[in-house]
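The values are calculated or read from the model by the stated rules, or taken from the named source; none is laboratory data. Note that this is a predicted model, so its numbers are computed, not measured. Using ideal geometry, Cβ is built from the backbone for each residue, glycine included, and neighbour counts are taken over all protein chains shown. Protein only, heavy atoms only, side chains kept; ligands, DNA and RNA dropped before computing areas. Shrake-Rupley method; radii C 1.70, N 1.55, O 1.52, S 1.80 Å.
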Amino acid sequence: MSVSESEHVATTATAQDPFSGPDLTGHFGRFGGIFVGETLMAAVEELDRVYRQLSGDPQFWRDFDYDMAHYVGRPSPLYHAERLSEHAGGAKIILKREDLNHTGAHKINNTIGQALLAKYMGKPRIIAETGAGQHGVASATVAARLGLECHVYMGAEDVKRQAANVYRMKLLGANVVSVTSGSRTLKDAMNEALRDWATNVDNTYYIIGTVAGPHPYPMLVRDFQAIIGREAREQSLAEYGKLPDALVACVGGGSNAIGLFHPFLRDKDVAIYGVEAGGDGVETGRHAAPLSAGKPGVLHGNRTYIMSDDNGQILETHSVSAGLDYPGVGPEHAWLKDAGRANYVSVTDTEALDAFRLLTRKEGIIPALESAHAIAYAIKLAATMSPDQTVLVNLSGRGDKDIHTVASIDGITV
Amino acid sequence: MSRISKTIAAAKQAGRKVLVPYLVAGDPDRDTTVALMHQLVSNGADIIELGVPFSDPSSDGPVIQLGAERALRQGVGMKTVLSIVSEFRKKDDKTPIVLMGYLNPLEVMGYDNFVSQASSAGVDGVLVVDLPVSEAKELLALTQPAQMDIIFLVAPTTTEKRLQGICEHSSGYLYYVSLKGVTGAAITDADSIAERVKALRERTELPVVVGFGIKDEASATSMAAISDGVIVGSALVQKIGELTDSGARDEAAVAQACELIGRLRKALDA
Ligand SMILES: Cc1ncc(COP(=O)(O)O)c(C=O)c1O
């Protein structure tokens, strides 16, 4: 790395408020920024300009809040998972029920917000990349609602393992493009979406599904997802009379995690844990845990921790969960890691699958395999804490989409 | 004056358009790339853009993606790329070489390592597709003292404000991207390109070379007529891909792959 850390930290982190990033050029310390081909630069700069203007307009947020309440079904409840807590034997485990949102995951919070931007910018055509298919479904959903043309790029591998979501997108009127280049997963879908955007930049709005991509995406996706943390903060105070002692969320690109974490960053006593996909175990190299085992680099428009080899080639990732199968991570997480404000850990496929079954049996809630990673870590963490403490877990999505994957691991065809 | 500037100035003086082929380093293998480069020069290439293969070439179309995949299957990394340049330089110390690729390989190697090793291998310029001027300060601080040119792209979407920064920091030449899209797409609107390039040449002394979508005599001559020269990528990489398909790597096969460049040279000089 040739970027001096102190140089950029000085621009973002003021002594009064180190958490006010990104700076005007989209940097979180040495991370973030804008790294795209020249053809897309004007579009990215225009989006930044439009978002800065609209996000200062109270009417924009009134429209957003209206949709959150009446279309998504917010606020999502906090739920005290008593039997799971008892099983863990320690702190109270509390779930933030993003799985109850319309379309079944947190992804809709972001697509509603970006659809408002697309509408304002007058773009008739939407593109999106998707891994698990949840963001693809959420994009197809808002496109249907606004009558916009929608194309969703999805790695050929993911098309296979998330067949139900592919069909949902098609029902919603989206064109699902199966991407056969590279490793045929989420990163390749994102490459293909960027190529489409460069080709159709005049009439197309690209809805990125996580807090990655070039600035302003990591900022605006975070702002839309931060409704999770704002609600959770208020609900904790109202229902438990205090803030949670710890927050836990899974980290793919990092949107559900930053959405939960961001409103708590200034609450120094709230411990923060992001859980990456450990796959077969971080030590095996077969995982999707760039914060745990990657190094700084540049991918898909921003500087962050990524998984790449000594030649700078992006490595293939491995996770039972399609939504976590990504070699990069949002730049704000990279910064929070280096700043020491958040801890990043990983759990393996096996641990996540165990947690998937456990939550299903103990609480009657089938979690998404992504969210099961957070549950798995929360159980371990709660066990080290006392019963008067609380661990708040982002249950980012429901597991219906993963039934086939789990069944086939069990040797059953559904 | 850099080797790139000298070459373009000499061509201008001779009333000749520069012809810049692009090929992927290590496609189909290291030694054949060196042979291809020499053949391109003898067919009339003025400058060579040597692609550094990257796993996630998000500004490239399918043809160059496949070229990069073929090179990556041979395990080609920056070390091999630079060894190709050194090998080429043993027999040719005149033809400028521009490395074209994506930023992450440079990030991982470290900018200072990259610039010093590339310089000593004989690289004259570098074009990093996903490194806009606004993020290029650190790299520029290293390339300038090493007299290495940084070539930036100008696109049909580039705003006036951005153009200012690009002109200020570019050296060697400006690479005008003829179309909105990725490499290998087809040019559809030659008139508006002509207008844009004309405006560009009025505001900068830098030579302007047009790339993307140039695949035959017609597109090459029409784009060269309005600029200082043309870059030919996908059409050549497609031919080089046929070497892998056939397995042939001998002189005749190399000559066959580069035949297009000889034809374009003739058309440009006619
Ligand atoms: C339910 C669910 N949780 C988490 C993720 C991971 O994304 P992120 O890290 O951006 O929240 C996904 C992605 O598809 C998802 O569907």
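Structure data summary
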{"read-out": "Ratio of Rg to Rh over segment A:238-341 (Cα coordinates, Kirkwood Rh, two decimals)", "value": "1.02"}
{"read-out": "Solvent-accessible surface ranking, highest first, for A:R357, A:R74 at 1.4 angstrom", "value": "A:R357, A:R74"}
{"read-out": "Pairs of alpha carbons in the protein assembly as shown whose separation is greater than 34 Å (percent)", "value": "45 percent"}
{"read-out": "Rule-of-thumb Rg ratio for segment B:110-156 [Cα; 2.2 N^0.38 Å; N residues]", "value": "1.12"}
{"read-out": "Size of the A/B contact, given as accessible area buried on both chains, probe 1.4 Å, in Å²", "value": "3100 Å²"}
{"read-out": "Two-decimal Rg to Rh for segment A:148-278 - Kirkwood Rh, Cα set", "value": "1.06"}
{"read-out": "Of the GluC sites (Glu not before Pro) in segment B:200-247, those whose Cβ has at most 16 other Cβ within 10 Å and which sit in DSSP loop", "value": "B:E205"}
{"read-out": "Percent of C-alpha pairs per 5 Å bin, segment B:50-136, short to long", "value": "3, 13, 25, 25, 19, 12, 3, 0"}
{"read-out": "Per-selection Rg to Rh, segment A:276-414 - Cα, Kirkwood hydrodynamic radius", "value": "1.00"}
{"read-out": "Residues in segment A:293-342 that, when all protein chains are in place, have 30 Å² or more less accessible area than the chain alone would give (probe 1.4 Å)", "value": "A:V298, A:R303, A:N311, A:G312, A:Q313, A:I314"}
{"read-out": "Interface residues, segment B:120-135 - accessible area loss of 50 Å² or more versus chain alone, probe 1.4 Å", "value": "B:D130, B:E135"}
{"read-out": "Separation between Cα centres of segment A:84-149 and segment A:363-414, rounded to whole Å", "value": "18 Å"}
{"read-out": "Accessible surface, 1.4 Å probe, highest first, among residues A:H70, A:H404, A:H300", "value": "A:H70, A:H404, A:H300"}
{"read-out": "Inter-part distance where segment B:75-138 and segment A:255-278 are each reduced to a Cα centre, Å", "value": "39 Å"}
{"read-out": "List B:S2, A:S321, ordered by accessible area with a 1.4 Å probe, largest first", "value": "B:S2, A:S321"}
{"read-out": "Hydrodynamic radius of segment B:202-270 per Kirkwood, over alpha carbon pairs, in Å", "value": "13.2 Å"}
{"read-out": "At least 10 Å² accessible surface lost relative to isolated chain, residues of segment A:31-45 (1.4 Å probe)", "value": "A:I34, A:F35, A:V36, A:G37, A:E38, A:T39, A:M41, A:A42, A:E45"}
{"read-out": "Residue among B:P53, B:P62, B:P96 with the largest mean-square fluctuation in a Gaussian network model of chain B, springs linking Cα atoms under 10 Å", "value": "B:P62"}
{"read-out": "Heavy atoms of B:R70: accessible area, 1.4 Å probe, square angstrom to 10", "value": "30 Å²"}
{"read-out": "Per residue convex hull volume, Cα atoms of segment A:51-92, in Å³", "value": "116 Å³"}
{"read-out": "Whole-percent carbon and sulfur share, accessible surface of segment A:15-98, 1.4 Å", "value": "51 percent"}
{"read-out": "Once the Cα gyration tensor of segment B:132-270 is diagonalised, semi-axes √(5λ) in Å", "value": "29, 20, 14"}
{"read-out": "Estimated [θ] at 222 nm from DSSP helical runs (n ≥ 4, -39500 (n - 2.57)) normalised by residues in the protein assembly as shown, nearest 500", "value": "-14000 deg cm²/dmol"}
{"read-out": "Cβ-based net charge around B:P28, under 14 Å, with every Lys or Arg adding one and every Asp or Glu removing one", "value": "-2"}
{"read-out": "Net +/- balance of residues flanking B:Q13 in space, Cβ distance below 14 Å, scoring K and R +1, D and E -1", "value": "+2"}
{"read-out": "Under 13 Å, Cβ to Cβ, from B:S170 - net charge with Lys/Arg +1 and Asp/Glu -1", "value": "-2"}
